[in-house]
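One structure is given below, encoded as structure tokens.
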Amino acid sequence: MARKYSSESSGQDESESSDYERRNRGKRDRESDRSGKWNERRDERVDDDGDDKDRERVNARDVRDRDGRSGQRSERVERKESSEEEDGELVERDVGRREGGRSRRYDEDDRRERERSRRYDEDDRRERERARRYESEHRRRDSDDGGRRRDRREQHDSEENGDEREGRRKSERRNDRTDDYKHRRHRREDGDRDDKYRRDKEEVNEREKGSRGFREREDRDDKGFEDSKPQRQPRVQEVDFNADNSKLGKSGGVYIPPFKLARMMKEVQDKSSVEYQRLTWDALRKSINGLVNKVNAANVKNIIPELFSENLIRGRGLFCRSCMKSQMASPGFTDVFAALVAVVNTKFPEVGELLLRRIVLQLKRAYKRNDKPQLLAAVKFIAHLVNQLVAHEIIALELLTVLLENPTDSSVEVAVGFVTECGSLLQDLSPKGLHGIFERFRGILHEGEIDKRVQFLIEGLFAIRKAKFQGYPAVRPDLDLVEQEDQITHEISLQEEIDPEITLDIFKPDPNFLENEKRYEELKKTILGDESEDEEGSDAASDDDEDDDEDEDDDEEEDEEQMKIRDETETNLVNLRRTIYLTIMSSVDFEEAGHKLLKIKLEPGQEMELNIMLLECCSQERTYLRYYGLLGQRFCMINKVYQENFDKCFVQQYSMIHRLETNKLRNVAKFFAHLLGTDALPWHVLAYIRLTEEDTTSSSRIFIKILFQELSEHLGIRLLNERLNDPTMQDSFESIFPRDNPKNTRFSINFFTSIGLGGITENLREYLKNMPRLIMQQEQAASESESDDESDSSGSSVTGSASSESDPSSSDESERDDRHRKRRRRD
């Protein structure tokens, strides 16, 4: 297009130049013919003597004309050639520019194509990785379901065609699931039937045999325990301590009701027998499970004494297992269980260490098995144990390092939850370690290889960190039950071998059972005090007497509560606010609004609602309307109650000024400036403002700026300066014009100067200029007071020396003191 345009323009220029030259040539030819004719006439008039000379002159002029025409022709040819050369250069430059732009576009398209292919390759790689995980997961599930059925299906698949093979596989899977369900249901029904039959038979045998049944069950249990002990010993490390092993501790695998268990314990004469120990073991297990299951943040302080009344040394394995099972079932109560463990750990550190070791082992197993729910529960428990200082913070940093070493969606999500729970404590105890963890999070976020959902979780975690973990405290106030000095912290590494001591969950006879029980009773008295037993006896004796009184009191209170009806929905308050709002917005001027609002019947204490609604309506306007200021002024002048309420509103608005938008902030500042300028609001409210760099924010500084600028417009700078220099109000203005520190004084001066009100800081500037001299005067006055005290003491010593004329040493001392005092004054 550019070439075509240039060629057309050059052709047009040539045609125009040729026409111009043609017209000039014809004009010159006519002029030359006209001059030639004139010369011929003149030649005819001249004499014969001058004919030759004139002819020579005419010929010379003709030669000059021809030479001029030939020069002009050569110039036209040269100009044409130069224009053609310039057109050629323009065409070549345009072609080069077009070729360069095309090559750049080609390069850009190639780069985009390479980027697109790289993204496609990345998507393919992720899809292959996801397919590989899916395949491995299904392979593991298939292997767990049973390899024999899979082998049988593969053998049949190899003999059949594709469609028939797929249909047979689906039908076999359906039949296998149906058979498994029926088998489990029949087995459960048979088991329930057998258990019922066994319980009935056992009760009949107990009634018939009496004490002989105890001996038989004792022998049978001892034999079963001895037979099972060597079989379970090699697999101690492989047993899941979260599994239900409760059947191992029951009497012969039979459920015994609590009342029957208590009766059986009373019937046993030998307290050191194995049967009695088994019965106490079952009672201990049930008691610990019941206490742990019903603990919450409200009753944890009441549960702890009851828990210490049980033998936690003997049942430490039961306590740890119950805590872990309850926490796994209710992760929302993890902080409550951690607080309970923290209190127990102060008295029995071995219990806290055992629980921590078992939780770490559970975490390692869940991480290897890729069991996300169990991993989340274990990580949350460890986080709250770190918050309670039961576990050292090293295990937290080590766990985060392991989770983020090879980041996946699940591991990063677990790590984000862990940092959210215990980040507040790690920020205080190990800020450098937490900074390294967040740098790793930032690197994972920049790599972009994880899911978008997990990326949003990381960004939310950075926002929580920026807010200094507000809303995620390490320990809630109602769960802070242990002093930091009394807590015992355990250090356990994820790399070391861990022994869960699973045998502590199983009943074992104790040859020193009675001695150990007596020792724990003494230990319980030292922990709970002697008052526990007395309180139990007194409570049991006084329960009967207090029941009747409590019943009568409850009846009277219920009658009184039935008579009193309280409206908790605040319907009347909402209707009052609606009426005030409609009245303010529907009035033509402030006088009409004030007249209508005064007609509204307000109960004592509801005047504040009118002030709040007036201020809210003013702040919601796009620009400040003087209508609201005049209305507020009218109410302040009518009743002093409204003036006091506006005083409270000023304090409340200034304390929450950072929550307001700029427009609302400006309207509120102008409203209060109007009240101050008209003396509707006393000026002592300015005492709530402290103008220093530390005590102000950007929003509060904007509020102060607009407030004082409006005051200067209402009153004028001279009258405003007089008001601020009023001697009776200096106590209220000390916070705005601080004189306690030169830094604060300079900040106040610079602030008012920057907003154009430097004239009200003249006294403050004078004070800042004279501050060094005042400080020196204060120091001199202090030194003079000290010297006066010293002179009084030296005068008393001189009188003492005069009274004792025979003592020359006292006079020497007084002279030495005088010299010393003079030297100090000179210094």
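Within region 352-378, the only residue that satisfies the criterion of being touching a residue at least 40 places away in the same chain (Cβ under 8 Å) and β-branched (Val, Ile, Thr) is VAL360.
Being in a helix (DSSP H, G or I) and over 20 Å from ILE755 (Cα atoms), is that true of even one residue in region 696-707?
Going residue by residue through region 696-707, those that are in a helix (DSSP H, G or I) are 698-707.
Those still in the list that are over 20 Å from ILE755 (Cα atoms) too: none.
Within region 696-707, not a single residue is in a helix (DSSP H, G or I) and over 20 Å from ILE755 (Cα atoms).
Only a single criterion out of (1) in a helix (DSSP H, G or I); (2) modelled with pLDDT under 90; (3) among the hydrophobic types (A, V, I, L, M, F, W, C) is not satisfied by PHE650, namely (2).
The rows are residues; the columns are (1) at pLDDT 85 or above; (2) open to solvent by less than 100 Å² (accessible area, probe 1.4 Å); (3) assigned to a helix (DSSP H, G or I); (4) touching a helix residue (DSSP H, G or I) at 6+ places or on another chain (Cβ under 8 Å).
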| site | (1), (2), (3), (4) |
| --- | --- |
| ASP554 | no, yes, yes, no |
| GLU560 | no, no, yes, no |
| THR579 | yes, yes, yes, no |
| SER619 | yes, yes, yes, yes |
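Taking the criterion of being at pLDDT 85 or above, exposed (fewer than 12 other Cβ atoms within 10 Å of the Cβ) and either under 21 Å from ASN345 (Cβ atoms) or touching a Ser or Thr at 6+ places or on another chain (Cβ under 7 Å) (or both), the only residue of region 515-534 that qualifies is GLU522. Filtering region 685-701 to residues that are touching a helix residue (DSSP H, G or I) at 6+ places or on another chain (Cβ under 6 Å), open to solvent by 60 Å² or more (accessible area, probe 1.4 Å) and farther than 23 Å from ASN645 by Cα leaves GLU693, THR697. Against the list (1) among the acidic types (Asp, Glu); (2) under 26 Å from SER330 (Cα atoms); (3) not in a helix (DSSP H, G or I), the condition GLU353 fails is (3).
Candidates are the residues of region 361-405 that are within 18 Å of LEU457 (Cβ to Cβ) and open to solvent by 50 Å² or more (accessible area, probe 1.4 Å); the one that is nearest to the chain's Cα centre (by Cα) is LYS380.
For region 495-508, the tally of residues that are farther than 20 Å from ALA338 by Cα and not in a helix (DSSP H, G or I) stands at 9.
I'd like to verify a number: residues in region 715-729 that are more than 20 Å from GLY756 (Cα to Cα) and open to solvent by 60 Å² or more (accessible area, probe 1.4 Å), how many?
We begin by selecting, within region 715-729, every residue more than 20 Å from GLY756 (Cα to Cα); these are 726-729.
Within this subset, residues satisfying the condition of being open to solvent by 60 Å² or more (accessible area, probe 1.4 Å) are 727-728.
Going through region 715-729 one residue at a time, the tally reaches 2.
Please identify the pairs in which a residue from region 410-437 that is within 9 Å of LEU400 (Cβ to Cβ) has its Cβ atom under 9 Å from the Cβ atom of a residue that is assigned to a helix (DSSP H, G or I) and of a type in the set (Phe, Trp, Tyr), counting only partners at least 6 apart or on another chain. Between residues of region 410-437 that are within 9 Å of LEU400 (Cβ to Cβ) and residues that are assigned to a helix (DSSP H, G or I) and of a type in the set (Phe, Trp, Tyr), the close pairs are ALA415/PHE441; VAL419/PHE438; VAL419/PHE441. On inspection, LYS380 passes the criterion of being of a type in the set (D, E, K, R), within 25 Å of ASP499 (Cα to Cα), touching a helix residue (DSSP H, G or I) at 6+ places or on another chain (Cβ under 9 Å) and modelled with pLDDT of 90 or more. Annotation: ASN575 fulfils all but one of (1) at pLDDT below 85; (2) in a helix (DSSP H, G or I); (3) open to solvent by 50 Å² or more (accessible area, probe 1.4 Å); the unmet one is (1).
In the list LEU675, LEU681, LEU630, which residue meets the criterion of being of a type in the set (A, V, I, L, M, F, W, C) and open to solvent by 30 Å² or more (accessible area, probe 1.4 Å)? Full working, then the answer.
Details: LEU675 fails: open to solvent by 30 Å² or more (accessible area, probe 1.4 Å); LEU681 fails: open to solvent by 30 Å² or more (accessible area, probe 1.4 Å).
From the options LEU675, LEU681, LEU630, the qualifying one is LEU630.
Residues of region 269-300 that are at pLDDT below 85 and surrounded by fewer than 17 Cβ atoms within 10 Å (Cβ to Cβ): GLN269, ASP270, LYS271, SER272, SER273. Checking every residue in region 760-783 against the condition of being modelled with pLDDT of 65 or more, among the basic types (Lys, Arg) and more than 25 Å from SER700 (Cα to Cα) gives at least one match.
Based on what the data block shows, is SER712 open to solvent by less than 20 Å² (accessible area, probe 1.4 Å), among the hydroxyl-bearing types (Ser, Thr, Tyr), within 18 Å of ALA669 (Cα to Cα) and assigned to a helix (DSSP H, G or I)? In short, no.
Restricting attention to region 301-322, does a residue exist that is among the small types (Gly, Ala, Ser) and assigned to a helix (DSSP H, G or I)?
Taking region 301-322 as the starting set, the residues that turn out to be among the small types (Gly, Ala, Ser) are 309, 315, 317, 322.
Of the ones still in play, those that are also assigned to a helix (DSSP H, G or I) are 317, 322.
Yes; the residues of region 301-322 include at least one that is among the small types (Gly, Ala, Ser) and assigned to a helix (DSSP H, G or I).
For the structure I just gave you, tell me whether VAL341 is among the β-branched types (Val, Ile, Thr), assigned to a helix (DSSP H, G or I) and farther than 30 Å from GLU449 by Cβ. So that I can check it myself, show each step before the final result.
Numbers: among the β-branched types (Val, Ile, Thr): yes; assigned to a helix (DSSP H, G or I): yes; farther than 30 Å from GLU449 by Cβ: yes.
Yes, satisfied.
For region 668-694, give me the residue count where each residue is charged (D, E, K, R) and over 20 Å from GLN730 (Cα atoms). Write out each step before concluding.
Narrowing region 668-694 to residues charged (D, E, K, R): 670, 679, 690, 693-694.
This time we only want the ones that are over 20 Å from GLN730 (Cα atoms), so: 670, 693-694.
So the count comes out to 3.
Among the residues of region 420-437 satisfying the criterion of being of a type outside the set (S, T, N, Q), in contact with a helix residue (DSSP H, G or I) (Cβ under 6 Å, 6 or more places away or on another chain) and closer than 15 Å to ASN387 by Cβ, which is surrounded by the most Cβ atoms within 10 Å (Cβ to Cβ)? In this case the residue turns out to be CYS422.
Residue by residue through region 599-617, note down the ones that are of a type in the set (Lys, Arg) and assigned to a helix (DSSP H, G or I). Passing the criteria: only LYS599. For the condition touching a residue at least 40 places away in the same chain (Cβ under 8 Å) and charged (D, E, K, R), LYS301 qualifies. Of the residues that make up region 492-504, is at least one more than 25 Å from LYS368 (Cα to Cα) and open to solvent by 60 Å² or more (accessible area, probe 1.4 Å)? No, the conditions are met nowhere in region 492-504.
The values are calculated or read from the model by the stated rules, or taken from the named source; none is laboratory data. This one's a predicted model, so the numbers in the text were calculated from it and none came from an experiment. Because the Cβ atoms are built from the backbone with ideal geometry, glycine has one as well, and the counts that use them run over all protein chains shown. SASA here: full protein model, heavy atoms, side chains in, ligands and nucleic acids out. Shrake-Rupley method; radii C 1.70, N 1.55, O 1.52, S 1.80 Å.
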